[in-house]
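The values are calculated or read from the model by the stated rules, or taken from the named source; none is laboratory data. Bear in mind the structure is a predicted one, so any value in this text is a computation, not a measurement. Note that we place each Cβ from the backbone using ideal geometry, even for glycine, and neighbour counts take in every protein chain shown.
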Amino acid sequence: MSSRQAALEFANKSKQDFLEDLIHFLKIPSISTLPEHNPDMLEAAQWLVSQMEKFQFKDVNIMPTDGHPIVYGSYDKAGKSAPTVLVYGHYDVQPVDPIDEWDNEPFKPQVRDGDIYARGASDMKGQVVAHLKAVESYLDSYDLPVNIKYLIEGEEEIGSPNLEKFLSQNEDLLHCDFCLNADSGILGVDTPSLAYSLRGLAYFEINLHGPESDLHSGTFGGAVINPGNVIAQVIAAMKDENGRIMLPGFYDDVVELAAAEREQLAQLPQTEEWWKEQSNTSALGGEFGYTATERATIRPTLDVNGLYSGFIGKGSKTVLPAKAMAKISMRLVPNQEPEKVRQSLETFMDKHIPAGITWEIDELSSALPGTIDLDSAIAKSAGEALRSVWNKSAIYKREGGTVPVVGMIKKVLGVDSLMLGFGLPDDNLHAPNEKFHVNNFHRGIETYIHFMDNLAK
């Protein structure tokens, strides 16, 4: 019997045991943002350590940061000629509010209609445990065919504030050929898919200041420049009538997709109607000349995320505001860099802000885009693994969202990340009744077994 087949058979006979281990992990309320759950964070980290020690991994450790610790463990018996995979995950979860909208207690997991309901089930304890159990299945009878390094952090849900520093301080320890990021999903229960590209992010807060204090709009209106009017005019000027972003040089690094790839994207089951249904809206908009799927995945964007000026309470107050604020996010595509986008925004502001108004820009967050070559051994191994488990070819897709750790790992460690996870679009991430499809949990274990074996070969 081959090592692959032995691992698959072990996984099949251990389904209930593996599910019970996941349930145990899900019972730990490892909410990173709430200090009262710090002991739970440590308990979750210790549970991961116990799993890796069971595998007799090397250097298994709970490594401190300035916040919650990172769990590390390594396996190198595959030898120097075998690929080394850095497996990224996180053990922290979101708060559970609003609690009254849950159908079960968030940290008392329930299996209903083929799904397991609990906070963290899909994001991302289910994904982490799936990989751990793939490793356990292989190690029951054989050595792993690849080298593994686990990097499982406890601060993803609060923006990974200490991860980049940890990566920089441990470059040699984390040296690898690529990163496997399991914090991902597929398009449907019976639709295996692989995200090969993510957009980056440049997120800014713009503040405008006019008079020293709010003024009476009857006394001063028409004579004093109104920051509220100015910010509305500036935002309106950021796009033209075709939805094209008007910041100077914004598109300089944007590469147009080849016709073949656009044709491939058009085959995705994401029609215009699908986007309307998903967003619960009656009409779509965006950059002229592109489909909704293209606008949401392969094109850069500029959106207002927040806007404030003057009196916004109930009723009327005739005030001329002293200041105005807007939060602006831009999703970036491969080759675009957040710092260049900031420079473009500053040039735009210099041109459009009139005398009498001062302004400043604060960067709230940024992340590089990420992509992986579909012709690489990494992507091919993953695609073959998905096909082996689902008995159909995987759909390859670009994601419109941003996973900051992908850009961070590329920046610090110089390696690409493969997004290979098994969540579903309706898993209620960050919301009440978060769930993970139980069959996807088991299929994920099988997929990781196939993937490791494919990669080694």
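Per-residue answers, yes or no, for (1) among the aliphatic types (A, V, I, L, M); (2) farther than 30 Å from Gln169 by Cα; (3) part of a helix (DSSP H, G or I):
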{"position": "Ala379", "(1), (2), (3)": "yes, no, yes"}
{"position": "Gly383", "(1), (2), (3)": "no, yes, yes"}
{"position": "Ser388", "(1), (2), (3)": "no, yes, yes"}
{"position": "Lys392", "(1), (2), (3)": "no, yes, no"}
{"position": "Tyr396", "(1), (2), (3)": "no, yes, no"}
{"position": "Thr402", "(1), (2), (3)": "no, no, no"}
{"position": "Val406", "(1), (2), (3)": "yes, no, yes"}
{"position": "Lys410", "(1), (2), (3)": "no, no, yes"}
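Can you confirm whether region 264-281 contains a residue that is within 26 Å of Phe204 (Cα to Cα) and part of a loop (DSSP other than H, G, I, E, B)? So far as region 264-281 goes, no, none of its residues is within 26 Å of Phe204 (Cα to Cα) and part of a loop (DSSP other than H, G, I, E, B). Of everything listed in (1) touching a residue at least 24 places away in the same chain (Cβ under 8 Å); (2) exposed (fewer than 14 other Cβ atoms within 10 Å of the Cβ), the single unmet condition for Lys317 is (1). Against the criterion of being crowded, with 18+ Cβ neighbours inside 10 Å, outside the structural domain of Thr191 (by TED's automatic domain parsing) and in contact (Cβ under 8 Å) with a residue 40 or more places away in the chain, Trp359 qualifies.
Report, by residue number, each residue of region 369-382 that is over 16 Å from Val85 (Cβ atoms) and surrounded by 21 or more Cβ atoms within 10 Å (Cβ to Cβ). Within region 369-382, Pro369, Gly370 qualify.
In a residue-by-residue description of region 198-215, the property of being assigned by TED's automatic domain parsing to the domain that holds Arg331, of a type in the set (D, E, K, R) and without any contact (Cβ under 8 Å) to a residue 12 or more places away in the chain applies to no position. On inspection, Ser417 does not qualify as of a type outside the set (Phe, Trp, Tyr) and outside the structural domain of Ser14 (by TED's automatic domain parsing). Among the residues of region 93-113, are any more than 24 Å from Phe451 (Cβ to Cβ), charged (D, E, K, R), modelled with pLDDT of 95 or more and touching an Asp or Glu at 6+ places or on another chain (Cβ under 7 Å)? No, region 93-113 has no match at all.
Looking for something over 30 Å from Ile372 (Cβ atoms), surrounded by 15 or more Cβ atoms within 10 Å (Cβ to Cβ) and not aromatic (Phe, Trp, Tyr) - is there at least one such residue anywhere in region 296-308? Within region 296-308 (the criterion being over 30 Å from Ile372 (Cβ atoms), surrounded by 15 or more Cβ atoms within 10 Å (Cβ to Cβ) and not aromatic (Phe, Trp, Tyr)), the answer is yes, since at least one residue qualifies. Gly114 passes every criterion in (1) on the phi < 0 side of the Ramachandran plot; (2) in contact with a strand residue (DSSP E or B) (Cβ under 9 Å, 6 or more places away or on another chain); (3) surrounded by fewer than 24 Cβ atoms within 10 Å (Cβ to Cβ) apart from (1). If you take the residues in region 228-242 that are assigned to a loop (DSSP other than H, G, I, E, B) and out of contact with any helix residue (DSSP H, G or I) (no Cβ under 8 Å at 6 or more places or on another chain), which one is surrounded by the fewest Cβ atoms within 10 Å (Cβ to Cβ)? Among those that are assigned to a loop (DSSP other than H, G, I, E, B) and out of contact with any helix residue (DSSP H, G or I) (no Cβ under 8 Å at 6 or more places or on another chain), it is Glu241.
Taken over region 1-43, the residue count meeting the criterion of being touching a strand residue (DSSP E or B) at 6+ places or on another chain (Cβ under 9 Å) and in a helix (DSSP H, G or I) is 8.
Quick one: would you say Leu284 is under 19 Å from Lys239 (Cα atoms), free of Cβ contacts under 8 Å to residues at least 24 places away in the same chain and more than 22 Å from the chain's Cα centre (by Cα)?
yes
Please determine whether any residue of region 87-99 is assigned by TED's automatic domain parsing to the domain that holds Met408, closer than 30 Å to Arg4 by Cα, among the polar types (S, T, N, Q) and under 21 Å from the mean Cα position of the chain (by Cα). There is no residue in region 87-99 that is assigned by TED's automatic domain parsing to the domain that holds Met408, closer than 30 Å to Arg4 by Cα, among the polar types (S, T, N, Q) and under 21 Å from the mean Cα position of the chain (by Cα).
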